[in-house]
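Every read-out reported here was derived from the displayed coordinates using simple, explicitly stated rules and does not represent laboratory data. None of the values given here were measured: they were computed from a predicted structure. Neighbour counts are summed over all protein chains in view; Cβ atoms, including those assigned to glycine, are modelled from backbone coordinates with ideal geometry.
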Amino acid sequence: MMTIQIDIFSGFFGAGKTTLIKKLIDEKVYSKKVMIIENEFGDIPIDGEFLKKFNIEIKEIKAGCICCSTANDFNDTLIEIIDAKETERIIIEPSGVGKLSEIVKIVKKVEAENDARLNMVISAVDVTMYEEFSNLFSEFYEDQVIHASTVVLSRTQSVNDEELQVVVSKIRELNEKAQIITTPWDDLNGIELVELSEADVKQETLKEAFTEITTDEVEYDPERPHDHDHDEFTSWGIETPKVYSLDELTSIFQGLKNEEKYGKVVRSKGKVQVDSDHWIEFDFVPRQFEIRASEPDHTGRITVIGHDLNKENLINIF
Ligand SMILES: [Zn+2]
């Protein structure tokens, strides 16, 4: 039996970590049996249809954040999967506000005591929101950049070269060694991405073998749960039979930019009916609103994630 490889896909809400995982699976990067540990903390989970299609098992940890309040649960889940020896790769998808350094610490500890190896630590970062989010949520936002071995920038097609360069150099300031991927995702080849990220990890491991690692960070201690500022992040969702016109949806999402009224909306996703026989799926991040045609469903669904959300006003606008 091979040593189980563990890959972490971190990223703030809307940065695209779920899309990235699905892309890699869809492009058959994972030929081995995969298990996904998903920390659904206000996030939107990978759809069941997709999991079924690729025969992927998923363990959801919903009760809290795997980097703090449910760290023990996360630790036990990892060990359970490793001990069961039914899978060869584990994908960890932390929530948008998970502190990557804490998650890496837990995985490193598990790695030291079990037949498993931390393989890739990837962070997805929305290039259009970097400036704003790193100012607003620096504690865990920058942590996700600092502790990644590969940073995959999303929505690079939406900025010009100069803007892209500014973000790349800011990321470089925080993390000297990470691979920074700037290719638009439609052109990004999953296999190449993984080869690059894994090669990087191998180099790192070699380096680590020859240099004593000194760190002033505290060791992960399961008895000492810490807290970090993600309690004010909430998600709000509705199921609705309502038929929206595209204009209506567009103006709703324009309206959601009003922070005083709705709170800081960082992400929204949903599937709704737009006329008697058409359905769409939409994806909203503050600088982008994407829609695509979809299959009819039994009811419409809308999820909004943000900081200090005003649920009453959200109900009214939808
Ligand atoms: Zn946490």
If I take every Cα pair under 8 Å that is 6 or more residues apart in the stretch 4-210, average their sequence separation and divide by the length, what percent do I get for the relative contact order? 26
Per q in 0.21 1/Å, what log10 I(q)/I(0) does a Debye calculation on the alpha-carbon atoms of the stretch 1-133 return? -1.35
For the pairs K17/K52; K108/K269; K170/K271; K17/K311, note any where the Cα-Cα span goes beyond 24 Å. K108/K269; K170/K271; K17/K311
Angle check, please: helix 190-210 long axis (alpha carbons) against the longest principal axis of the chain (alpha carbons), in degrees 0 to 90, nearest 10. 40
Would you mind giving the three semi-axes, in whole Å and largest first, of the ellipsoid equivalent to the chain according to its Cα gyration tensor? 33, 22, 20
Please give the helix 17-26 orientation as an angle from the longest Cα principal axis of the chain, in degrees from 0 to 90, rounded to the nearest 10. 70
Note on the stretch 85-170: alpha-carbon gyration tensor, axes a ≥ b ≥ c; rule is a/c under 1.5 for rounded, else prolate if a/b larger than b/c, else oblate; result prolate
Listed residue (I106, F74, I90) projecting farthest to the positive dipole end of the stretch 63-109, Cβ model: I106
Farthest toward positive dipole pole in the chain [+1 Lys/Arg, -1 Asp/Glu at C-beta], among F54, V285, I36: F54
Can you give the local net charge around G14? Use residues other than it whose beta-carbon is closer than 9 angstrom to its beta-carbon, Lys and Arg +1, Asp and Glu -1. 0
Using amide H atoms built in the peptide plane, which far-off residues or other-chain residues are under 5 Å from E60 H to H? E38
A chain fully extended from N72 to S169 at 0.36 nm per residue, minus the present Cα-Cα distance, gains in nm 31.3 nm
For peptides 258-264, 302-308, 192-198, 240-246, sequence by mean Cβ density within 10 Å, most packed first: 302-308, 192-198, 258-264, 240-246
Helix 71-84 versus the longest principal axis of the chain: what angle, 0 to 90°, nearest 10, using Cα atoms? 70
Compute and list, largest first, the equivalent-ellipsoid semi-axes of the stretch 233-317 from the alpha carbon gyration tensor, each √(5λ) rounded to a whole angstrom. 22, 13, 11
